[in-house]
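Inspection log for the structure reproduced underneath, given as C-alpha cells.
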Amino acid sequence: MHLEIITPDKAVFSGEVDTVFVPGTKGAFQVLKNHAPIISTLGKGEVRYRIASKEVAFLVEGGVVEVAQNKVRVLVERILEEA
C-alpha cells in the first residue's frame, strides 16, 4: 500500500509500506493492505510504518489520517521528533 506523510511545511515520506500504525484520538490503530476506507483524527503520539523488517517512527502532534484504496495519507500538524 502507498503511504504519504505530510506536514504543513513539507512532504516527509512517500512510498510503499507493509503496515502503518497511527495514534487515533479514540485509540491507536494499525492499517494493513485492503483496509476499509476510514478518516480519523490523530492525537499526540507515535506514527510508525514498516517496510519489510525495517520500522520507522515519528512522534507527532495531532493531525488526520485518510485510508482509501490502499492509499494512506497522514497529515500531521508537526513532527516533534523521529523516534
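Values as computed for the structure displayed
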| read-out | value |
| --- | --- |
| Total residues in the range 17-52, condition over 18 Å from Gln69 (Cα atoms) and either open to solvent by less than 60 Å² (accessible area, probe 1.4 Å) or among the polar types (S, T, N, Q) (or both) | 9 |
| Residues of the range 1-16 satisfying the condition of being under 11 Å from Val72 (Cα atoms) and open to solvent by 70 Å² or more (accessible area, probe 1.4 Å) | Ser14, Glu16 |
| Residues of the range 67-83 that turn out to be of a type outside the set (Gly, Ala, Ser), farther than 12 Å from Ile5 by Cβ and at pLDDT 95 or above, as a count | 4 |
| Strands (runs of 3 or more DSSP E) enclosed by the range 1-64 - at least 3 residues per element that are without any contact (Cβ under 8 Å) to a residue 40 or more places away in the chain | 11-16, 19-24, 27-32, 38-51 |
| All positions within the range 19-38 that are under 12 Å from the mean Cα position of the chain (by Cα) and farther than 19 Å from Ile79 by Cβ | Thr19, Phe29, Gln30, Leu32 |
| Scan of the range 48-83 for residues that are β-branched (Val, Ile, Thr) and over 14 Å from Gly15 (Cβ atoms), ordered by number | Val60, Val64, Val65, Val67, Val76, Ile79 |
| Condition check for Leu59: surrounded by 11 or more Cβ atoms within 10 Å (Cβ to Cβ) and under 10 Å from the mean Cα position of the chain (by Cα) | no |
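The values are calculated or read from the model by the stated rules, or taken from the named source; none is laboratory data. For clarity, every value in this text was computed on a predicted model and none was experimentally measured. Because the Cβ atoms are built from the backbone with ideal geometry, glycine has one as well, and the counts that use them run over all protein chains shown. Quick note on the areas: whole protein, heavy atoms, side chains included, nothing else; ligands and nucleic acids left out. Shrake-Rupley method; radii C 1.70, N 1.55, O 1.52, S 1.80 Å.
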